[in-house]
Amino acid sequence: MAGLLERHIAQSQSDEQAEECWSQFDDSDRLTFAEVSDPQSLKKHLVSTIEGEIIPRLMMVHKAESDATVSEANESPAIGQSDIEEFAKVVVKEDDHVINAYIKALRARNISVEELFLDLLAPTARHLGDLWVEDRCSFAEVTMGLGRLQQVLRWLSRDFVYGEDNKGPGRRALLVPAPGEQHTFGIFIVAEFLRRASWDVATTSPRSNEDIASTVNKEWFAIVGLSLGNELGLARLEKAIKRIRKSSRNEDVAVMVGGPVFIEHPEYCELIGADATAQDAEQTVSEAENLLAENPARRL
């Protein structure tokens, strides 16, 4: 949208500037009758006008159009849906050598590790889940694909720039899937982003709400993050949040929720009693920082 608006503005400026090329001359630029009658004088005046007025103004018009084109091109996503679909096939069907070569090719396009996390790995995991739901991919294939995505995540984590080591007891987070959730790849990406922001992050795979309650009772956490894939688990997740608040060693613990269901329906966050939700790992870090800042009591 912004690109279209910039192009519209640039085009308007281009039209105005083009009109100025021919209309904005003062009386000194006007030819006398004698000059019009003299071919040499007429030629000299036209050359002077073209070189001194028209060409510079046309160059301004061209620059405005070029800037608008470049601006619009820069807004195009570096990683598109075709990359995601192709990479999903690669992680399911190809070996590690091909997978690594694919990632290296993307890095050669000056795509950052952060972009790979947010725009390739996470969307590919969701795409594999969709293929499974649509019965276009077996559970075994999805499991294999997600396992290889985790390998890529660990590989890329070596190049993921972490912040200064200012972790403290007040910057502890527990990330878990809702009990019964099968796929947890998104949690690993969120964990990497939080660690880069100097959070101390723990992850586990609870079998029940009691497992989560036991963990937060034994250890102190400022934030507990829960991931859910579909609406069928909302009631169970609401019960889990209540158990967390009742059992947590930190009486002021903040609860965040994420996953596909909350990406589509962020309003569910408040309905089940959570404090915040986020659309991706980057926003999760921002929300976690806000939750910690707004209530100093969450710091141990």
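Pairs are defined by a Cβ separation below 6 Å, a sequence spacing of at least 6 or placement on different chains, a first member in the stretch 173-188 that is within 25 Å of residue 250 (Cα to Cα) and outside the structural domain of residue 203 (by TED's automatic domain parsing), and a second member that is at pLDDT below 85 and part of a loop (DSSP other than H, G, I, E, B); no pair meets this definition. For residue 194, the test of being surrounded by 20 or more Cβ atoms within 10 Å (Cβ to Cβ), out of contact with any Phe, Trp or Tyr (no Cβ under 7 Å at 6 or more places or on another chain) and either in the same structural domain as residue 287 (by TED's automatic domain parsing) or not in a loop (DSSP other than H, G, I, E, B) (or both) is passed. Kindly indicate whether any position in the stretch 194-202 is of a type in the set (A, V, I, L, M, F, W, C), without any contact (Cβ under 8 Å) to a residue 40 or more places away in the chain and touching a Leu at 6+ places or on another chain (Cβ under 6 Å). Yes: one or more hits.
Restricting to the stretch 116-141, name every residue that is of a type in the set (Asp, Glu), assigned to a helix (DSSP H, G or I) and surrounded by fewer than 17 Cβ atoms within 10 Å (Cβ to Cβ). Scanning the stretch 116-141 gives a single hit, 130.
For the stretch 96-115, give me each residue that is of a type in the set (Val, Ile, Thr), outside any helix (DSSP H, G or I) and farther than 16 Å from residue 84 by Cβ.
The answer is none; no residue qualifies.
Per-residue answers, yes or no, for (1) more than 30 Å from residue 152 (Cα to Cα); (2) without any contact (Cβ under 8 Å) to a residue 24 or more places away in the chain:
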{"residue": "207", "(1), (2)": "no, no"}
{"residue": "247", "(1), (2)": "yes, no"}
{"residue": "262", "(1), (2)": "no, no"}
{"residue": "283", "(1), (2)": "no, yes"}
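Restricting 249, 207 to residues that are within 30 Å of residue 142 (Cα to Cα) and either in contact with a Cys (Cβ under 9 Å, 6 or more places away or on another chain) or exposed (fewer than 14 other Cβ atoms within 10 Å of the Cβ) (or both) narrows the list to 207. For the condition buried (at least 23 other Cβ atoms within 10 Å of the Cβ) and outside any helix (DSSP H, G or I), residue 237 does not qualify. The residue that is nearest to residue 120 (Cα to Cα), counting only those in the stretch 247-300 that are assigned to a loop (DSSP other than H, G, I, E, B) and of a type in the set (Gly, Ala, Ser), is 259. Remark: pairs (first residue in the stretch 114-131, assigned by TED's automatic domain parsing to the domain that holds residue 150; second residue among the aromatic types (Phe, Trp, Tyr); Cβ separation under 7 Å; 6+ apart in sequence or on different chains) = 120/87; 124/87; 125/185.
The values are calculated or read from the model by the stated rules, or taken from the named source; none is laboratory data. Keep in mind that this is a model prediction, so the values were computed, not measured. Note that each Cβ is placed from the backbone with ideal geometry, even for glycine, and that neighbours are counted across all protein chains shown.
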